[in-house]
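Laboratory data are not the source of any read-out in this text; all were calculated from the coordinates shown. Quick caveat, the model's predicted, so the values are computed rather than measured. Cβ placement follows ideal geometry from the backbone for every residue including glycine, while neighbour counts extend to all protein chains displayed.
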There are 2 protein chains.
Amino acid sequence: MHRMEKRTLTRARLVEAALNVFAFEGYEHATVDDIARAAGLSKGAFYFNFNTKEEVLLELLSRWADERSSLLHAAFAFERDAGTRLRAMAEALAAYRGGTNWPPLVLEFWSQALRAGEVGRRLGQAYRDWRKLLATAAAEAGDAVAGRPGQVADAILAIHDGAVSEIALGRTRGTTRAAPALWAMVAAGIGRPAPLRVEAAAAGA
Amino acid sequence: MHRMEKRTLTRARLVEAALNVFAFEGYEHATVDDIARAAGLSKGAFYFNFNTKEEVLLELLSRWADERSSLLHAAFAFERDAGTRLRAMAEALAAYRGGTNWPPLVLEFWSQALRAGEVGRRLGQAYRDWRKLLATAAAEAGDAVAGRPGQVADAILAIHDGAVSEIALGRTRGTTRAAPALWAMVAAGIGRPAPLRVEAAAAGA
């Protein structure tokens, strides 16, 4: 194995180990020693790859944000119908595989974003990018969606955040219960022009 | 002033100071010294009232949970129409006054709930109580709500959690943008019997 390949592998092992350590022990509690031990490597190996544990947190933040962005863009590109596309995007953003450690780690991103400048800056950037793409998709769905595009985008981001806390705090196992239910209710307002509601209310009176 | 009254006041000052210190510096970083200083009191005054900073966090958790419960029960008791009641409950749960430090502190509750047993236990209890009341209200709303009562309850909890992260992370100022938009979309599915959607889709085809 070449030296470069070996270094990439070592780095990946450290990042993977840090994901588990941060998710279980919390970012503040975790030490460089904990990460190195969990990766089965020396502290020296850690410092050969990273200067601080914040650097590892930022790398994890990038990985998570890139993964969410890929899911979102895939749904955006794949679905033809504007309403279906928006739904697929909301589902993709809030989908976390069972057993993954991302949800508890996202709680750590949020907590650190309150005071660690770079974490806050990158997290803010990720949300702004997602909001822009979601608003574009919502605008394309036009009158079929109850709400202005920016509002629909904010709502979908909130569905994601609610799913993260629900999974992380163990109110559900592995996957979110709320996100699909919430989206089903939101979707009930999609595909039906607004006037229908008035007619239905009048017919029911 | 009686000794008991004075002690109650001192305790309230410490709890109020801890709310700000935990919200700005983070629970893990904050020290008993920081809290006492912010309250304009001595470390001795702190230890006369609390044994640990976790005790203060638990008192803050109780205050927050009691406040949310009061808002939720008030909306439940006050509104007559079942659909309006559910909407009022969702809005009450997700409402945080501008400038309040609760949203960033709730992120700290979530983060600590992952590893501090008592925080997790009490937070879980609060969510279970709210879910029960919300499911009761959703069941009373009957067919008017798109979704099973438990799902609707989970969705409303997710709206709250999404609002908390949105406000805490400064994607909005003071109040949530997403929660009202999300609720408006959910509410678009309330008050309309489900079959209408099929008819509307058929009519549009």
Checklist line | Linear extension gain, A:Arg97 paired with A:Phe24, 0.36 nm per residue minus alpha-carbon span | finding: 24.6 nm
Item checked: Nearest-first distances (nm) between copies at B:Glu79, label 7 Å from Cα via Cβ -> 2.8
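What is the mean number of Cβ atoms from other protein chains located within 10 Å of the Cβ atom of each residue in peptide B:110-122, rounded to a whole number?
Numbers: counts 9, 10, 3, 6, 12, 5, 1, 0, 0, 0, 2, 0, 0.
Counting other chains' Cβ atoms within 10 Å and averaging over B:110-122 gives 4.
Tell me, in nm to one decimal, what length is gained between A:Thr10 and A:Ala77 on full extension, where the rule is 0.36 nm per residue of separation less the Cα-Cα distance? Walk me through the numbers before you get to the answer.
On the way: separation 67, 0.36 × 67 = 24.12 nm, distance 3.45 nm.
Stretched out fully, the A:Thr10 to A:Ala77 stretch lengthens by 20.7 nm.
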Notebook entry, point to check: Does a label point 7 Å from the Cα of A:Glu54, set along Cα-to-beta-carbon, have any residues of the range A:90-115 with amide nitrogen under 16 Å, and which are they?
Noted result: A:109-115
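For B:Glu55, B:Glu79, which order do you get if you count the other beta carbons within 10 Å of each Cβ and list the fewest first?
Least to most surrounded, the residues fall as B:Glu55, B:Glu79.
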Next item on the list: Please order B:Glu91, B:Glu54 by the number of other Cβ within 10 Å, starting at the fewest.
Entry: B:Glu54, B:Glu91
Next item on the list: Take B:His160, A:His29 and order them by how many other Cβ atoms sit within 10 Å, fewest up front.
Entry: A:His29, B:His160
Note to self: With the label 7 angstrom out along Cα to Cβ, how close does B:Ala95 come to the same site in each of the other copies, in nm, nearest first?
What the structure shows: 3.7
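What average number of partner chain Cβ atoms lie no more than 10 Å from the Cβ of the residues making up A:148-158? Could you put the intermediate results ahead of the total?
Values: counts 1, 0, 2, 7, 4, 3, 12, 12, 4, 7, 17.
Per-residue shielding by partner chains comes out at 6.
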Note to self: Taking beta carbons within 10 Å but only from partner chains, what does the mean come to for residues B:26-33?
What the structure shows: 2
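Relative contact order of the range B:1-51: what whole-number percent is it, with Cα pairs under 8 angstrom and at least 6 residues apart? Can you show the working numbers first?
On the way: 28 pairs, mean separation 17.1, N = 51.
Normalised by residue count, the contact order of the range B:1-51 is 34 percent.
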Check: Along Cα→Cβ at 7 Å, what distances in nm separate the A:Arg3 label point from those on the other copies, shortest first?
Finding: 7.4
Next item on the list: Determine the distance separating the Cα centre of the range B:1-69 from the Cα centre of the range A:13-86; give it in Å without decimals.
Entry: 35
